[in-house]
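Read-outs: derived from the displayed coordinates by stated rules, not from any lab. All of these numbers come straight from a predicted model, not from anything done at the bench. Virtual Cβ from ideal backbone geometry, glycine too; neighbours counted across all protein chains shown.
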Amino acid sequence: MTQATQNTVDIINARVPGYKDLQMLLVNQEGIIEQILPMGTVGIHGCVSLLNVGGDWISLGGVDLQINGALGLAFPDLTAENAHILQKITKFLWDVGVDGFLPTLVTTSVEKIQRSLAVIADIIRSQQAGAKILGVHLEGPCLNFQKRGAHPAEYLLPLTIDEVKRVLGDYAHVVKVITLAPELDPTGEVIPYLLSLGITVSLGHSQATFAQAQLAFELGATMVTHAFNAMPPLHHREPGLLGAAITHPNVMCGFIADGEHVSPTMLQILLRASYQEKGLFLVSDALSPLGLPDGVYPWDSRQIEVKNGTARLADGTLSGTTLPLLVGVQNLVQWGICDVETAILLATNAPRQAIGLPGIVKNQPANLLRWHWDEVTQELTWQRLLG
């Protein structure tokens, strides 16, 4: 919630993802969840506010661990002069159901990376109302040239401790996740070094074999960046990076559900193989035109064209999407890939789990969403509740 409620609130007859049967949520005057209990466990508190949601789903807001910009601002282009736009982005993301996010810096010059990190570090110290910046996701620049995708080749760097130190500079404390190609480091030294700094290591934009990925997971990498994209495909004799991730009990894969990055059929296979929210989480991978209409927009020194929420370079290379995170939830349900509960968990609890945050439990701020499934229209909708 953005501010304390005036009264205690009892939310009753709620379906809460991850909980059996109907629940009641007790929210105190400070806007904190005091209890989540099965209906009938305790009596109504006689509180001033009683909200009967009639079997609708109640969840925390989404957490987006891979978002490259919004409202026309790409996060690698952050400066002291345009930092106010980032404040607007936090409000925009709140309005589209996101509680927290990792501004993602794609491959660019070390100077621009550190400039953006400095701006974000300053804003984190004095965050205002809106979606919270939970740290930064560095997507690069230590990526495999052959799987660079839309990342500019001229800024790719070798994966060594010295290069990582140069990229991080004085801002390692701001970085929460870093995406790298593990096969670029035959010494195996970089992943333990990053873990010692408290940075979560995600594998991506990589040609890693199954064995190379397994070694990286043994060294402590726990995530995969946009499953299927910018990595070798699953193969029956060489499962590759993705096969290693799916079969590892302590690794979670981010994935994009816009219908363009991965076909719905392959997403269905991925969800079944990965035990759904236990091994996966949704990301938007949204680019700077998020919140703007389709059209042609600048992207580093190039341009991207956005059509129906999908962004491509002039040569047709898929570069990202401009759809908010929760559209992915709605897509998964609409496509019949998973049930409502699982889809909500993939955008709310699962990304929190991936970076070590709690899901919807007591003592959490009651930044709640109410989800309604319409049996007639077969549509899933949501709205902010209390916040």
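Could you estimate the translational diffusion coefficient of the stretch 77-149 from the Stokes-Einstein equation, with Rh from the Kirkwood formula over C-alpha pairs, at 10 °C and 1.306 mPa s, in whole µm²/s? Numbers along the way, then the final one.
On the way: Rh = 13.1 Å.
It diffuses with D of about 121 µm²/s by this estimate.
Compute the Kirkwood hydrodynamic radius of the stretch 233-372, taking the inverse of the mean of 1/r over all pairs of distinct Cα atoms, and give it in Å to one decimal. Numbers along the way, then the final one.
Details: mean 1/r = 0.0608 Å⁻¹.
It works out to 16.4 Å.
For the chain, what ratio Rg/Rh do Cα atoms give with a Kirkwood hydrodynamic radius? Please report the intermediate quantities before stating the final value.
Numbers: Rg = 20.7 Å, Rh = 21.3 Å.
Across the chain, the Cα-based Rg/Rh ratio is 0.97.
Give the aspartates and glutamates reachable from K91 as a straight Cα distance under 15 Å; neighbours fewer than 8 places away on the same chain don't count.
Once the sequence-local aspartates and glutamates are set aside, what remains near K91 is D64, D99.
Please state the Cα pair-distance histogram of the stretch 236-300 with 10 angstrom bins from zero: what percent is in each bin?
18, 42, 23, 16, 1
Only Cα pairs under 8 Å and at least 6 apart count here; give the relative contact order of the chain as a rounded whole percent.
Taking the mean separation of contacting Cα pairs over the length of the chain, I get 18 percent.
Between N250 and D294, what is the label-to-label distance in nm when each label sits 7 Å out along the Cα-to-Cβ direction?
4.6 nm
Can you find, among Q212, G259, V177, the residue sitting farthest towards the positive end of the charge dipole of the stretch 165-270, where Lys and Arg contribute +1 and Asp and Glu -1 at Cβ?
Working it through, the farthest residue towards the positive pole turns out to be V177.
For the stretch 291-357, compute Rg over Rh where Rg is the Cα radius of gyration and Rh is the Kirkwood radius from the inverse mean 1/r over Cα pairs.
Details: Rg = 15.2 Å, Rh = 13.8 Å.
That ratio is 1.10, to two decimals.
What does the charge dipole of the stretch 300-372 about its Cα centre add up to, to the nearest 20 debye, if the Cβ of each Lys and Arg holds +1 and the Cβ of each Asp and Glu holds -1? Let's see the in-between values first.
Details: 6 positive and 5 negative charges, 42 e Å.
Rounded to the nearest 20 debye, it is 200 debye.
Highest mean first, what order results for 317-324, 192-199, 212-219 on Cβ atoms within 10 Å? Working shown, then result.
Working: 317-324: 23.2, 192-199: 15.4, 212-219: 20.4.
My ranking of the peptides, most packed first, is 317-324, 212-219, 192-199.
Using θ = phi - 60° and the Karplus relation 6.51 cos²θ - 1.76 cosθ + 1.60, list the HN-Hα couplings for the stretch 243-258 in order, rounded to whole Hz, with x at every Gly or Pro.
With coefficients 6.51, -1.76 and 1.60, one gets x, 5, 5, 4, 8, 8, x, 10, 10, 10, 10, x, 8, 10, 10, 9 Hz.
Using Cα pairs under 8 angstrom and six or more residues apart, how large is the relative contact order of the stretch 62-121, in percent?
On the way: 61 pairs, mean separation 31.8, N = 60.
Answer for the stretch 62-121 is 53 percent.
Given a cut-off of under 8 Å on Cα pairs at least six residues apart, what relative contact order in percent is computed for the stretch 92-207?
Details: 191 pairs, mean separation 33.7, N = 116.
Taking the mean separation of contacting Cα pairs over the length of the stretch 92-207, I get 29 percent.
Assigning unit charges at the beta carbon (Lys, Arg +1; Asp, Glu -1) and nothing else, what dipole magnitude in debye, to the nearest 20, does the stretch 197-288 show about its Cα centre?
Numbers: 3 positive and 6 negative charges, 44 e Å.
Value, rounded to 20: 220 debye.
Given +1 on the Cβ of Lys and Arg, -1 on the Cβ of Asp and Glu, and no further charges, what dipole in debye does the chain carry about its Cα centre, rounded to the nearest 20? Present the calculation step by step, with values, prior to reporting the outcome.
Numbers: 23 positive and 35 negative charges, 55 e Å.
Taking the Cα centre of the chain as origin, the dipole is about 260 debye.
Summing -39500 (n - 2.57) over the DSSP H runs of n ≥ 4 in the chain and dividing by its residue number, what mean residue ellipticity at 222 nm do you reach, to the nearest 500 deg cm²/dmol? The partial results should precede the final answer.
Numbers: 10 runs with 94 residues, N = 387.
That calculation yields -7000 deg cm²/dmol at 222 nm.
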